[in-house]
């Protein structure tokens, strides 16, 4: 398949995820129980929708951490990985730019920070790192297992979307939930300040969580094979 189609699909998918998920946080707010759940479902349902639109084109990674796990599991080449990540970050930046434009035009931002991720809610950098590693580990481990099981084919997108939803339910009040470096980069570029200062946490921790998920997944698969 033409790589440009895959990269375009990843750009569009990551744009949708970032715009809809962060947009829900910005324009609805997550301070109340209802808002908290709505934002979590906005991220999760974005995955469900995109899985059935671009899943057959690019696999619907729309997340550098997911692409890293696929690279480690030899489901994609290093060249494809680089192309995917560039496309994903570009999609998130476009979404961040559009959200920034809407807020700058007068729409109220209930997060006060363009839906960015920060470490303060987690009680500091170390806690934020731990939280993001654990949440990403759960999310990516699920993806590795579900996508390797052909019997899950028609419902894989739903399972993955619901998994993203439940990790957001835990993570939103703590870090805002990243588990996705691209989703964090896009809004942070336009918010600046503390969001940019903390950004390294939300790049490093999801990638570490994905790598850990791969190690555990391979251990489980090898043990099962034996």
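The values are calculated or read from the model by the stated rules, or taken from the named source; none is laboratory data. Computed from a predicted model, the values in this text were never measured in an experiment. All Cβ positions, glycine included, derive from the backbone under ideal geometry; neighbour counts span all protein chains shown.
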- Item | Given (1) out of contact with any helix residue (DSSP H, G or I) (no Cβ under 8 Å at 6 or more places or on another chain); (2) surrounded by 17 or more Cβ atoms within 10 Å (Cβ to Cβ), index of the condition residue 16 fails | (1)
- Note on the structure: Within the range 21-41, residues being part of a helix (DSSP H, G or I) and over 12 Å from the mean Cα position of the chain (by Cα) number 14
- Item | Single unsatisfied condition, residue 138 versus (1) over 19 Å from residue 54 (Cα atoms); (2) surrounded by fewer than 15 Cβ atoms within 10 Å (Cβ to Cβ) | (2)
- Does residue 86 satisfy the condition of being surrounded by fewer than 19 Cβ atoms within 10 Å (Cβ to Cβ), under 17 Å from the mean Cα position of the chain (by Cα) and farther than 20 Å from residue 170 by Cβ? yes
- Query: Can you tell which of 146, 119 is more than 17 Å from residue 21 (Cβ to Cβ), modelled with pLDDT of 95 or more and surrounded by fewer than 24 Cβ atoms within 10 Å (Cβ to Cβ)?
  - Reply: 119
- Mind checking which residues of the range 47-65 are surrounded by 24 or more Cβ atoms within 10 Å (Cβ to Cβ), touching a helix residue (DSSP H, G or I) at 6+ places or on another chain (Cβ under 6 Å) and either part of a helix (DSSP H, G or I) or in contact (Cβ under 8 Å) with a residue 60 or more places away in the chain (or both)? 47, 50, 58, 60, 62, 64, 65
- Message: Every residue in the range 206-220 that is modelled with pLDDT of 95 or more and either out of contact with any helix residue (DSSP H, G or I) (no Cβ under 8 Å at 6 or more places or on another chain) or within 13 Å of residue 63 (Cα to Cα) (or both), please.
- Response: 206, 207, 209, 210, 215
- Residue among 94, 138 that alone is over 16 Å from residue 20 (Cβ atoms), assigned to a helix (DSSP H, G or I) and modelled with pLDDT of 95 or more: 138
- Identify the single condition in (1) at pLDDT 95 or above; (2) in a helix (DSSP H, G or I); (3) in contact with a helix residue (DSSP H, G or I) (Cβ under 6 Å, 6 or more places away or on another chain) that residue 157 does not satisfy, given that it satisfies every other one. (1)
- Query: In this structure, does residue 29 turn out to be touching a helix residue (DSSP H, G or I) at 6+ places or on another chain (Cβ under 8 Å), in contact (Cβ under 8 Å) with a residue 60 or more places away in the chain, closer than 16 Å to residue 178 by Cβ and surrounded by fewer than 24 Cβ atoms within 10 Å (Cβ to Cβ)?
  - Reply: no
- Item | Number of positions in the range 160-189 that are closer than 20 Å to residue 13 by Cβ and assigned to a helix (DSSP H, G or I) | 17
